[in-house]
1. Test each condition in (1) assigned to a loop (DSSP other than H, G, I, E, B); (2) surrounded by 16 or more Cβ atoms within 10 Å (Cβ to Cβ) for residue 637 and report the one that comes out false.
2. Could you check residue 128 against (1) in contact with an Asp or Glu (Cβ under 9 Å, 6 or more places away or on another chain); (2) within 30 Å of residue 229 (Cα to Cα) and say which number it fails?
3. Taking only pairs six or more apart or across chains, which ones have beta-carbon atoms under 6 Å, a first residue in region 543-558 that is loosely packed, with under 13 Cβ neighbours inside 10 Å, and a second residue that is outside any helix (DSSP H, G or I) and modelled with pLDDT of 90 or more?
4. So, in region 565-580, exactly how many residues are part of a loop (DSSP other than H, G, I, E, B), under 29 Å from residue 275 (Cβ atoms) and in contact (Cβ under 8 Å) with a residue 40 or more places away in the chain?
5. Does residue 603 meet the test of being part of a helix (DSSP H, G or I), within 18 Å of residue 43 (Cα to Cα) and not aromatic (Phe, Trp, Tyr)?
6. Could you say which residue among 204, 125 is over 24 Å from residue 458 (Cβ atoms) and in a helix (DSSP H, G or I)?
7. Of all residues in region 442-478, which are surrounded by fewer than 23 Cβ atoms within 10 Å (Cβ to Cβ) and assigned to a loop (DSSP other than H, G, I, E, B)?
8. Answer yes or no as to whether residue 153 is surrounded by fewer than 24 Cβ atoms within 10 Å (Cβ to Cβ) and of a type in the set (Gly, Ala, Ser).
Amino acid sequence: MATSSDEMKTRPSWRRFEDGNQVWEKLTDQIFNQDRSHKCPTYVHKTPPCQGSCPSGEDIRGWLQIVRGMEQPPAGMDWHEYAFRRATDANPFPSMMGRVCPAPCQDGCNRNQLEDFVGINAVEQFIGDHAIAKGYGFDPAPADTGKRIAIVGGGPAGLSAAYHLRRRGHACTIFESNEGLGGMFRFGIPGYRVPRDKLDAEIQRILDLGQIEVRLKTRVGRDVTVEQLEADYDAILWSIGCQSGRGLPVPGWNDTPNCVSGVAFLKAYNEGRMKVTASKVVCVGGGDTSIDVVSVARRLGHITKPGKRDLPETVIHDGYVAHDAVTAAVAKGAQVTLTSLFTRDRMTASEHEVHDATREGVTILDGVMPLEVIKDDTGRATGLKVADCTLTDGRPTPVEGTERVLPADLIVSAIGQGGDLSGLESFDNGRGLMSADPFQQMPGRPGHFVAGDIVRPHLLTTAIGQSWIAAESIDAYVMQAGEPRRPRIDVHHFNLLTKLNESGLAPVTFSASGDLRGTASASYAVHNYEDRSGAEIIPHDELFLGHFNFVPRHLRREETPSADDVLGHFQERVIGLTEEEAISEAKRCMSCGICFECDNCVIYCPQDAVFRVDKKTYTTGRYVETDYARCIGCHICADVCPTGYIKMGLGE
């Protein structure tokens, strides 16, 4: 987890050895101090934990290196565009995800061992916003393969899949049941968190790749049959998401008109149908969706004498657009309460989101479970009976004597989502979802693939990552290339050979003649380099943390209204970093697992055996070399390497 705010304010200290631990304890360790060992520096590339923690599989370290100026772009390309292209190799939505991703990469960041993580999502937002402002597009799609792929669902997973499939030359048709593309981006997250102009720009950039047909308001299983898709397309990707919310499993919930799901509540708001809400709103949840519900409810407020068509549940259930600007203008603040089974430190919502909701006037009751919906004679809910609870193996037990009723005109359940498989019942795996193997293929249905929440409701970044794997599997299927082998650490890795080619330094063709002993001076081999990025994540204890100083994180500004100002406050909440701030924040990256050219190995080598490569042969990852006639295997270079890139291996 991220470092606490108290700890990050103190200057960290770190030592590789404790006092009195400067002498080798084992005789076998002493061989590293002897020239007879033939142990010399080997440059070992590993995956940093930020990338290993990213469900989208982004080359996070790579684009941070570009932003900070460490990795240079190809001739004729601006670094902003180069960073954009590196970031979107995995994820075509940097502007969106920089805003809303809960950033598991930041929890994994090795810099947490010093003070505080690198603000990865803040830099990603800068990359995405700058790309939109400059009008960057993707490279044109390759030649048409003649293959056509049906994508059912136009949310983050479906759109990402279309992007990756077009980059492989396959034409796509997206079938979307809603009136617009975007899925949870558009219908599940408020506009003050996801600006619609930027969402539209990132979607349009994908559509501009061409040969992506979009069929809106078309539901497969009702308007189009599965058999039609199987006949007309070479493969089908199911990315329909989870559009139905789960109700509360308590007496009185079912068939109560003013008891609604968080999914339906946010969809009504995001479609512009709901302009005001109820006087007293109680939301049960604790995750990000519930935070969005209560934040929207505080912003909308309520009206004192609503007509039947103005009731929020009428708008949500029946699709009326009853609220107009005049109605919204006379709205008053709503009393909004959020309850959670978990205590605040265990709620799945981001800590700062919970803090912001509290500042906006939301009452948060943690460690509380719902017991019963209280209704009046007309069948409408008037309150929610709750009690404090204890959790045992994830199951709540009410604490006797703590029962009370929370008054409510609208009760919202934000405890999870499920799939809507009406018309597609044969695809139901028994849990209201669709099954997928590790290659995102649907078991027992050749040509059918699955990605996103319909596999398992999770993060947007998870859906995007699954779509990339699905696209590669679809490509292999339609091109009859065989099932692709996936690495143990399945992310987008830095590739040294690709970088050498980009820099005009590709190895020459191998010729089996002459003296072939050793590769130290051979131009046909990448000498003294080992790529373990597909198999290993580098932990903090392989780094020389003593190299790094305390550098406070550059925080994005947030326009979080107070409880008095929240009504009608729909301005964007997160203010992006400036270019200077983004560069400074990227420089906090410790470049775990690859060289960042600090010169420690050159400076501290007692034999002058480690030296910088000639400028003509320099590129990222190939900054230093070793003279093996001088190296005595002392491993000082490995000890002082901040990034853990240098390991001691066999020399000549």
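The values are calculated or read from the model by the stated rules, or taken from the named source; none is laboratory data. No experiment lies behind these values; they were computed from the predicted model shown. In this analysis, Cβ positions are derived from the backbone assuming ideal geometry, glycine residues included, and neighbour counts consider all displayed protein chains.
1. With respect to (1) assigned to a loop (DSSP other than H, G, I, E, B); (2) surrounded by 16 or more Cβ atoms within 10 Å (Cβ to Cβ), residue 637 is out only on (1).
2. Unmet for residue 128, out of (1) in contact with an Asp or Glu (Cβ under 9 Å, 6 or more places away or on another chain); (2) within 30 Å of residue 229 (Cα to Cα): (2).
3. 557/575
4. The total comes to 9.
5. For residue 603, the condition - part of a helix (DSSP H, G or I), within 18 Å of residue 43 (Cα to Cα) and not aromatic (Phe, Trp, Tyr) - is met.
6. Only one candidate passes the filter, namely 204.
7. Residues satisfying the conditions are 442, 443, 444, 445, 446, 447, 456, 457, 458, 459.
8. So residue 153 fails the test.
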